[in-house]
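The values are calculated or read from the model by the stated rules, or taken from the named source; none is laboratory data. Remember, it's a predicted structure, so these values are computed and weren't measured experimentally. So basically every Cβ, Gly included, is an ideal-geometry build from the backbone, and we count neighbours across all protein chains shown. Just the protein is used for accessible areas: all its heavy atoms, side chains included, with ligands, DNA and RNA removed. Shrake-Rupley method; radii C 1.70, N 1.55, O 1.52, S 1.80 Å.
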Amino acid sequence: MNIHTSRRGFLTGLIVAVALPQLARAEARPGYFNELPALDGDWAPNAFIRVAPDNTVTVLIKHIEFGQGPYTGLTTLVAEELDADWGQMRAAAAPADAEKYANMAFGMQGTGGSSSMANSFMQMRKAGAAARAMLVAAAAEKFGVPADQITIEKGVLKAGDQSASFGELAEAAASQTAPDDPQVKSPDQFRLIGTDLPKVDTKAKTDGQAEFSLDVYLDGMLTAVVAHPPKFGATVASVDDSAALQVAGVQKVAQIPQGVAVYADNTFAALKGRAALEIDWDDSSAETRSTDQMIDQWTAAARATGHAARDWEVEATGDVDQALSGAEMVEATYVFPYLAHTPMEPLDGVIRLGDREADVWMGSQMQTGDVGTLASTLGIQNVRLNTMLAGGSFGRRAQPDAHFAAELGEVAKAHGPGAVKLLWTREDDIQGGYYRPLTVHNIRAALDADGNITAWDHGIAAQPIFIGTPFEGMLQGGPDFSAFEGASELRYTTANHRLRWAQMESPVTTLWWRSVGHSHTGFAVECFVDELLEKAGRDPIEGRLALLGDDHPREKGVLQRVAQMADMSGDFGYGVAVVKSFDSYVAQIAEVEDRGGIPHVRRVWCAVDCGLAVNPNIVRAQMEGGIGYGLSAVLFSEITLDQGGTIRQQNWDSYPIMRIPQMPAVEVEIVQSAEPPTGVGEPGTPPIGPAVANAWRRMTGKALRRLPIVPVA
Amino acid sequence: MTISFTVNGQDRSVDVDPDTPLLWVLRDELRLTGTKFGCGIAQCGACTVYLNGMTRRSCVTPISMVEGSDVTTIEGLSGPEAEAVQAAWTAIDVPQCGYCQSGQVMSATALLQQNGAPTDEDIDNAMAGNICRCATYVRIRQAIHDAAKTLEG
């Protein structure tokens, strides 16, 4: 093991046990570094690549890795253009730097919207192609041949009987000029893209060596936990910390804007100290409605204007009212609960505050905003953020208001110079808000005598996600599309269509949750259209294909593929759904068994069109996981407030999620495509809920319109 | 209070509050960070270790209970079943975020030590205490079957 104890100086003091890079640099197996090694004589042709004398190539990954695969996927793009050997490739988190490492889709550094591959595809290939050109130029000089006589295969440059590795040429390549517009390969030249390359982070995630924020231990570090308000919008009225300070190991208690912070020598003492706090909370601005009351209000707002903070007419074509009057009308109301993301690793981070600078280790999903918030909270300029591997996110770590970075900054500020780890417990996580918004849909449609949909009138009541945050400007004064994406631009076209968003308000904080608006619009649209098709006596697949017309070939492509895949001969219920989200197209068919009145999903077939599949194995894994994540929520999950505003769920015992016995067998096929790659992290999630609900309705006659399907008693 | 036990075959003594869960002793005192915190109430299995050879949720095991015991963590996991499980996990890229996988590997290894040819139902029963929020369950089932085949020879 090569221990980079000197890297960037500021890591001095980091306990070596957690600072070990995953792999010795010359080991012939792809891997990653827990922290970016120092340059150490490496050649850095650009911001994304380092070639070391020992012949390893490290790719700096601007996106956080939490299972969706950018460490492997983006490294593949560079390896492809270099014609590197996969075994010599390494990945490492890029530093936080909005100029060098912005998400091309956001204009700042951050990960979200299933955009990592799509926005990096050309950027990383060009970075690899530029390095390749410089290596070839260096080899041409060394070998004394023209550049066009040099070939590269598995990391070795050759001309005639002369050869050299990247490592051997790195020093000479460093003096070559980088091309302005490097030429990337054409798809027929791909050797690595499109293959199931082994992931760079698998081994370390199998033997306990992968390092997450929770695993960072610094010399003299205290652990802090914060007592947060038990109701949304409540604040601290008074605090008695005398008992907490008596707990052995507790060093300090401090009131911060987010609550009351307890600092201790170790985690257990911090938790024990927090439990000993006596806090009076001021509930005067708190949410005191129950979610049952909110659902009633949201339902009224979805059905008619005048019940919301603001009613937005998002889309209107034709004359919906005219088309509905006198026609055979079908109406359905769908209720979607608040959902917590509950990533396996709760929110956590480590900060070491100096006099005028800070080093931070956290699973930051929006580095630019997190760094800016830390700097402004602490009143310093120099914040160096190390983006750590994170134990899942599903949207939870992408915070427009940077609330966790703000809390970490306040915890550090109240403590003063030194090192602190801030840990949220599972209870902090589940009760901490930033939920998928509670949402109610109401849809009315008219059918003509031939069963054609002649009108579609859709009302959605939900809180916004962008409005009220620093991201609001992106909306340019328009409605918050996070509430209705997937219901807008309805692909089951009707001449008379209206979409209305009722903007609801509550102190309960909201956030994007894997697939954002599609997590509910996909369910409402796909369940409702399935009911309409059934009423019209049409087949769910043929009927959808007909409704999709000629303008939606990729939706039709995945539908046709999944229909070929599925074996629907069993004595079970079968349901289908197709959803486009984040520019990818996914169709699923679920096989559902009635087990004592509760749906059990036995098998799922899934067809996905995500453009070019850079690593098909990762695409399949994201579909499998997206299905599991979506099914878990649809079956079991909801956050509820009791009358008075108390949150009922506390931990995974009261907020149950899917375990292995409930996981269906999943078969995934990827539609071949020459289109540029699009996202796979989220698009697997939306179709599973409606596929299961449609199977259930067709089997039992009972439509599922209130989620979760199996509420906790 | 001083408590003595072995971890991965090494003698260790810690002087901590006797109510401290084994999880936090392993992590905060001994810096064995492969064992993870997920829930603190034995719901998720991310903290799974072996206590005297049996799987145990370290987050609800007070260190006072561990006096004189043998603890095995992911860092010290060894033997043919462990090797087969880790090789199978790696071969089909089971992990996504990876945070729960130490616990999954500990539970899967324990299953194969008891049952060399588990059915899907055996696997579902044995692994039901280990949550994977990424829902890598399809591959966990597959990898356990693959590991069992390897062990059969």
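Some observations on this one:
- Sites residue B:64 and residue B:125, calculated FRET efficiency, Cβ-Cβ separation with R0 41 Å, nearest 0.05: 0.85
- Cross-link partners of residue B:149 among aspartates and glutamates, defined as those whose alpha carbon lies under 19 angstrom from its own and excluding same-chain residues fewer than eight positions apart: B:81, B:83, B:93, B:120, B:121, B:122, B:124.
- Simple rule: put +1 on each Lys or Arg Cβ and -1 on each Asp or Glu Cβ in the range A:299-422, find the dipole, and look at A:360, A:335, A:301; the Cα lying farthest toward the positive end is A:360.
- Taking every residue in A:119-132 and counting other chain Cβ atoms within 10 Å of its Cβ, the average works out to 0.
- Accessible area per residue in Å² at 1.4 Å probe, computed on chain A: 34
- Long-range amide H partners of residue B:7 with built H, under 5 Å: B:12, B:71
- Estimated dipole of the range A:342-438 in Debye, rounded to 20 [Cβ of Lys and Arg +1, of Asp and Glu -1, Cα centre]: 140
- Per-atom-type breakdown for the protein assembly as shown gives carbon and sulfur 47% of the accessible area (1.4 Å probe, protein chains only).
- Database remark: amide H of residue A:454 closer than 5 angstrom to the amide H of A:446, A:447, A:448 (H placed geometrically; neighbours at sequence offset of 5 or more, or on other chains; Pro and chain starts carry no H).
- Residue-averaged 222 nm ellipticity for chain A, from DSSP H runs of 4+ at -39500 (n - 2.57), nearest 500: -8500 deg cm²/dmol
- Length-normalised contact order of chain A in % [C-alpha pairs under 8 Å, at least 6 apart]: 14
- When the convex hull of its Cα atoms is projected in every direction, mean area for the range A:622-690 (nm²): 6.6
- For the range B:2-76, the mean projected area of the C-alpha convex hull, equal to one quarter of the hull surface, is 4.1 nm².
- Centre separation in Å (Cα based) which lies between the range A:216-256 and the range A:408-427: 9
- For the range A:238-243, the Karplus equation 6.51 cos²θ - 1.76 cosθ + 1.60, evaluated at θ = phi - 60°, returns couplings of 7, 9, 10, 9, 5, 5 Hz by residue, with Gly and Pro reported as x.
- Where N is the number of residues in chain A, Cα Rg divided by 2.2 N^0.38 Å: 1.01
- Karplus-based coupling profile of the range A:609-617, in residue order and whole Hz: 10, 10, x, 5, 8, 5, 10, x, 5, with θ = phi - 60° in 6.51 cos²θ - 1.76 cosθ + 1.60 and x standing for Gly or Pro.
- Computed over chain B, relative contact order equals 24 percent, with contacts defined as Cα pairs under 8 Å that lie 6+ residues apart.
- Computed over the alpha carbons of chain B, Rg followed by Dmax gives 15.3, 48 Å.
- Table column - 3J(HN,Hα) (Hz), the range B:38-46, Karplus curve with 6.51, -1.76, 1.60, x for Gly and Pro: x, 9, x, 10, 6, 9, 10, x, 5
- Area accessible to solvent at residue A:86, 1.4 Å probe radius, in Å²: 20
- Radius ratio Rg over Rh of the range A:274-386, counting only Cα atoms, Kirkwood formula for Rh: 1.18
- Per-residue accessible area (protein heavy atoms, 1.4 Å probe) orders A:562, A:236 as A:236, A:562, starting from the largest.
- Cβ crowding within 10 Å averaged over residues, with A:586-595, A:316-325 ranked highest first: A:586-595, A:316-325
- Cross-link check: pairs A:154/A:199; A:62/A:142; A:205/A:413; A:126/A:158; A:413/B:36; A:62/A:556 evaluated at a Cα-Cα cut-off of 25 Å; pairs beyond the cut-off: A:62/A:142; A:205/A:413; A:413/B:36; A:62/A:556.
- Rounded to 5, percent antiparallel among DSSP beta bridges of the protein assembly as shown: 75
- Accessible-area value, residue A:83, 1.4 Å probe, nucleic acids and ligands omitted, Å²: 10
- Test item: Cα-centred dipole of the range B:1-151, Lys/Arg +1 and Asp/Glu -1 on Cβ, debye: 340
- Exposure rank, largest accessible area first [B:54, A:366; 1.4 Å]: B:54, A:366
- Unit charges at the beta carbon, dipole of the range B:80-152: most positive-side option, B:105, B:131, B:82: B:131
- Computed magnitude of the charge dipole of the range A:16-205 (debye, nearest 20; Cβ of K, R +1, Cβ of D, E -1): 440
- Rolling a 1.4 Å probe over the protein heavy atoms leaves residue B:138 with an accessible area of roughly 30 Å².
- Cut-off under 5 Å, modelled amide H: who pairs with residue A:338 long-range: A:438, A:639
- Between residue A:475 and residue A:536, the simple label model (points 7 Å from Cα in the Cβ direction) yields a spacing of 3.4 nm.
- Distance between the 7 Å Cα→Cβ label points at residue A:245 and residue A:162: 7.6 nm.
- Cross-link partners of residue A:535 among lysines (Cα-Cα below 17 Å; sequence separation of 8 or more within a chain): A:702
- Mean Cα-pair separation over length for the range A:555-613, i.e. relative contact order, pairs under 8 Å, 6 or more apart, %: 34
- Among the residues of A:208-217, the average count of other protein chain beta-carbon atoms within 10 Å of the residue beta-carbon is 5.
- Only DSSP H runs of four or more residues enter the estimate; each adds -39500 (n - 2.57), and after division by the residues of chain B the mean residue ellipticity at 222 nm equals -10500 deg cm²/dmol.
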